[in-house]
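Here is the structure we will look at, set down as structure tokens.
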Amino acid sequence: MAEGEKKQINLQEYIDIINSVISDIGVNPDEVFNKPELSWDLFKGSAEVIIHIFTIEDTYFIDVRSSVCPIPTTNVLPFYRKILELNQYYVAVKFYVYKDWTWVSISRELVGMSKEEMAFNMNSVGNIADEWDDKLREEFFKT
């Protein structure tokens, strides 16, 4: 492989897998797909789920993520501790902070991903974000 050349994969095969999983939950994938960005943006419950295919060097990856809630302005250290401790309870899913928001995501190399794994990733991220957005807001954003 020449330097700077990406590994050849059948990208359409993985786009079709993602579209099939999205269709299975009753959403038209054409309505939520941003082709230039290789991303999909849809809702699962109250959680917005973003699916994004990207490359690092010569490898394709997929990231399934959802924002959960902003970082609170008070009790920040207990909040960080809470989301760090939440990471121990979930397989493959991680809580993290980016640009003053709390997120949950699963990322992996794209090659070898099955439809079943894609469905697991999307459902896990959507369900966990949907569950914890209200719980974290109740615990850390009481007025």
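The values are calculated or read from the model by the stated rules, or taken from the named source; none is laboratory data. Computed from a predicted structure; not experimentally measured. Glycine gets a Cβ as well: all are built from the backbone with ideal geometry, and neighbour counts include every protein chain shown.
Figures for the structure shown
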item: Odd one out for ALA2 among (1) at pLDDT 90 or above; (2) within 20 Å of THR59 (Cα to Cα); result: (1)
item: Count of residues meeting criterion [buried (at least 18 other Cβ atoms within 10 Å of the Cβ) and over 18 Å from TYR14 (Cα atoms)] in the range 45-66; result: 2
item: Qualifying residues in the range 55-97 (those that are part of a helix (DSSP H, G or I) and in contact with a Phe, Trp or Tyr (Cβ under 6 Å, 6 or more places away or on another chain)) - the one farthest from TRP40 (Cα to Cα); result: PHE79
item: Hey, MET113 within 11 Å of the chain's Cα centre (by Cα), aliphatic (A, V, I, L, M) and either part of a strand (DSSP E or B) or within 23 Å of ASP16 (Cα to Cα) (or both) or not; result: no
item: Search result, residues across the range 96-143 that are touching a helix residue (DSSP H, G or I) at 6+ places or on another chain (Cβ under 7 Å) and within 22 Å of THR55 (Cα to Cα); result: VAL104, SER105, ILE106, LEU110, MET113, LYS115, MET118, ALA119, MET122
item: Contacts under 7 angstrom Cβ, first residue in the range 74-87 being in contact (Cβ under 8 Å) with a residue 40 or more places away in the chain, partner part of a loop (DSSP other than H, G, I, E, B) and β-branched (Val, Ile, Thr), 6 or more apart; result: PHE79/ILE71
